[in-house]
Amino acid sequence: MWKPLVFILTSFTVHMSEAYRILLISQTLSKSHAILAEGLIKHLTDAGHEITYIQTIPPEKPLPRVTVVDISGILPRRDDFFHTKSIFEKRLNSLNLMTGFMPDILQRSRLIIEHPNIQKLIADNNQHFDVVISEFMFNTIHAGFAGLYNCPLIWFSPSNLNWMVFDLIDEATNPAYSVDAVSSSTLPLTFRERVAELGLHIIKRIVVMLWTTIVDNAVYEKNFAPLIRERRNIAPSFESLAYNGSLVLSNSHPSMSGAVRAPQNFISIGGFHIDRNVKPLTEDLQKLMDDAKHGVIYFSLGSNLKSKHLPNEIKRDLLSMFGKLKQTVVWKFEEDLPERPTNVHTVPWAPQQSILAHNNCILFITHGGLLSITETIHFGVPIIGIPAFYDQYANVQRAVNMGYAKKVDLSYAMTQDLEFAIQDMLADSKYTTRAKELSEIYHDRTVPPEKELVHWVEHVIKTRGAPHLRSPAFIMPWYQKFYLDLAFVALVLIFILKKTLLITIGIKKTIGKQKKT
Ligand SMILES: *[C@@H]1O[C@H](CO)[C@@H](O)[C@H](O)[C@H]1NC(C)=O
């Protein structure tokens, strides 16, 4: 009788002693970023940890072991910006986005930290955390939390590989062989592309430098530094905190992003947000997909871009084009769509992972967001990408280069292009073969990404910041890396040698002269 009781008691205490307190900060007003943050939360709370979650889009229902600090409303929603109509009118490249969002971006650090709920949190002197995990969206202000709670800092990078992430823990990668997060160039780079990457790198480096040294530093000095002094008498400089991250958790994997030169505290966990147990489809979708003899084409433009806002003539053209296909089309369409051909089914909200997991799903038409790309590789489905903004062009171009995708431009001529692309992809099995191949690479890991995530977060806490993982290249001053000190010594030596040589020659000459006389 007592044995199970002891077991329960010991497992309870073991459990308790391993429960850590984690502060998680997600700052981007976008559904896909919230999905990633909730993925982190799920695995960390399942492992028994407690999370305080700072978020602009709070979870729909309360999550166990999670305290939400709601900072929604700090930035205006930019739905107008993401409106399908505005995308048709002006194709939004990353430059439009930069200029469009610059005012928000420059204010974001200050707006977040000065939010009353954050001010309340940081003013509470009894609050403590074992680790801070901050989403890295190109500002480093949240390093201030690690300074305040005197605990290690982990960066979570939601974007594709980019030099700014490596800059936090190692050397920024060389633009000659690594492209920017939003660049659609692929390796090996041509001369022109290499110059363009270098230019982009230099401009962004200047922006980041100004941001960190001026904007974030001021926010830190005003909000964090006084509180840190209250707790520990002295406050470290902002720079020493911002570049003191223990680890980067990166939402990437070589099967999707290609290989990378990375230090040991760079951990790829791409795919961690995908549930191992695929949720069952609704009854009618299940039946529809089971019965699709010729397969299902799934069409979704993601959560920002709404299909219902497509221009009317395009909706009409798409419907008649889909109607000609033998395949069943499942289209994520946010309202009722009248006059649909019998093989076209719309769903206001799509259980995307469950649809992609179905054996009959043969093709995915997508906007090419990073989460959709990850899910398509996870389930091994080829894609047609219709990128609309930001990293989507780059994501789709990478998929095309990797051989499991075709790209179609978002334009008034897109129906025709899409029809050709669908025909090509259905006629040639190489796209599916390639998707399955990459899926195999993606799944063939020593441990699944969610286990990796939990392991490394706990490792950082247990080893007080994992100093043994830090890159030696990061710690070393740049002049030593380039042997400028050696160059200096060599110059001095040459100078001395020259001088002594001249002197000896001078002495010899005078001796010679003396002998002659
Ligand atoms: C940097 O991180 C380590 C490990 O987390 C910590 O011991 C150290 O105090 C931190 N340095 C600063 C300046 O906060």
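Within segment 192-211, residues that are in contact (Cβ under 8 Å) with a residue 24 or more places away in the chain have Cβ atoms under 7 Å from residues that are of a type in the set (G, A, S) in these pairs: L200/S183, counting only partners at least 6 apart in sequence or on another chain. Only residues that are open to solvent by less than 10 Å² (accessible area, probe 1.4 Å) and assigned to a loop (DSSP other than H, G, I, E, B) were counted across segment 160-172, and they come to 1. Taking the criterion of being within 16 Å of the ligand (Cβ to nearest atom), open to solvent by 50 Å² or more (accessible area, probe 1.4 Å) and part of a loop (DSSP other than H, G, I, E, B), the only residue of segment 470-490 that qualifies is R470. What do you reckon, is I214 more than 28 Å from S32 (Cβ to Cβ), within 16 Å of the ligand (Cβ to nearest atom) and surrounded by fewer than 19 Cβ atoms within 10 Å (Cβ to Cβ)? Against the criterion (more than 28 Å from S32 (Cβ to Cβ), within 16 Å of the ligand (Cβ to nearest atom) and surrounded by fewer than 19 Cβ atoms within 10 Å (Cβ to Cβ)), I214 does not qualify.
Taken together, the criteria exclude L187 from residues that are within 16 Å of the ligand (Cβ to nearest atom) and either open to solvent by less than 60 Å² (accessible area, probe 1.4 Å) or not in a helix (DSSP H, G or I) (or both).
Taking segment 491-510, which residues are open to solvent by 90 Å² or more (accessible area, probe 1.4 Å) and at pLDDT 85 or above? Correct list: L491, L493, I494, F495, L497, K498, K499, L501, L502, I503.
Scanning segment 20-39 for residues that are under 16 Å from I269 (Cβ atoms), surrounded by fewer than 22 Cβ atoms within 10 Å (Cβ to Cβ) and among the β-branched types (V, I, T) yields one hit, I35.
Here are some residues: I373, I377, I422. Which one is assigned to a helix (DSSP H, G or I) and in contact with a Phe, Trp or Tyr (Cβ under 6 Å, 6 or more places away or on another chain)? Break it down into steps so the answer makes sense when it comes.
Details: I373 fails: in contact with a Phe, Trp or Tyr (Cβ under 6 Å, 6 or more places away or on another chain); I422 fails: in contact with a Phe, Trp or Tyr (Cβ under 6 Å, 6 or more places away or on another chain).
Result of the check over I373, I377, I422: I377.
Among the residues of segment 291-317, those that are surrounded by 13 or more Cβ atoms within 10 Å (Cβ to Cβ) and assigned to a helix (DSSP H, G or I) comprise S307, K308, H309, I314, K315, R316, D317.
Per this entry, Q397 is not counted among residues that are open to solvent by 10 Å² or more (accessible area, probe 1.4 Å), closer than 22 Å to S157 by Cβ and free of Cβ contacts under 8 Å to residues at least 40 places away in the same chain.
Selection of segment 387-408 for residues being under 20 Å from the mean Cα position of the chain (by Cα) and part of a loop (DSSP other than H, G, I, E, B) yields P387, A388, F389, Y390, D391. For L249, the conditions (1) of a type outside the set (S, T, N, Q); (2) more than 16 Å from the ligand (Cβ to nearest atom); (3) open to solvent by less than 70 Å² (accessible area, probe 1.4 Å); (4) closer than 30 Å to Y298 by Cβ are fulfilled apart from (2).
Name the one entry in L241, L161 that is touching a helix residue (DSSP H, G or I) at 6+ places or on another chain (Cβ under 7 Å) and within 28 Å of D409 (Cβ to Cβ). On inspection, the qualifying residue turns out to be L161.
So, in segment 135-159, how many residues would count as being away from the ligand (no atom under 14 Å from the Cβ) and within 14 Å of the chain's Cα centre (by Cα)? Total meeting the criteria: 9.
The set of residues from segment 439-469 being hydroxyl-bearing (S, T, Y) and surrounded by fewer than 18 Cβ atoms within 10 Å (Cβ to Cβ) comprises T446, T463.
Filter segment 311-363 down to residues that are small (G, A, S) and over 15 Å from L285 (Cα atoms), then give me how many there are.
2
Only residues that are within 12 Å of the ligand (Cβ to nearest atom) and free of Cβ contacts under 8 Å to residues at least 12 places away in the same chain were counted across segment 219-244, and they come to 3.
So which residues in segment 438-469 are closer than 30 Å to D130 by Cα and not in a helix (DSSP H, G or I)? Selection gives R445, T446, V447, P448, T463, R464, G465, A466.
The values are calculated or read from the model by the stated rules, or taken from the named source; none is laboratory data. This one's a predicted model, so the numbers in the text were calculated from it and none came from an experiment. Note that each Cβ is placed from the backbone with ideal geometry, even for glycine, and that neighbours are counted across all protein chains shown. Only protein heavy atoms, including side chains, enter the accessible area calculation; ligands, DNA and RNA are left aside. Shrake-Rupley method; radii C 1.70, N 1.55, O 1.52, S 1.80 Å.
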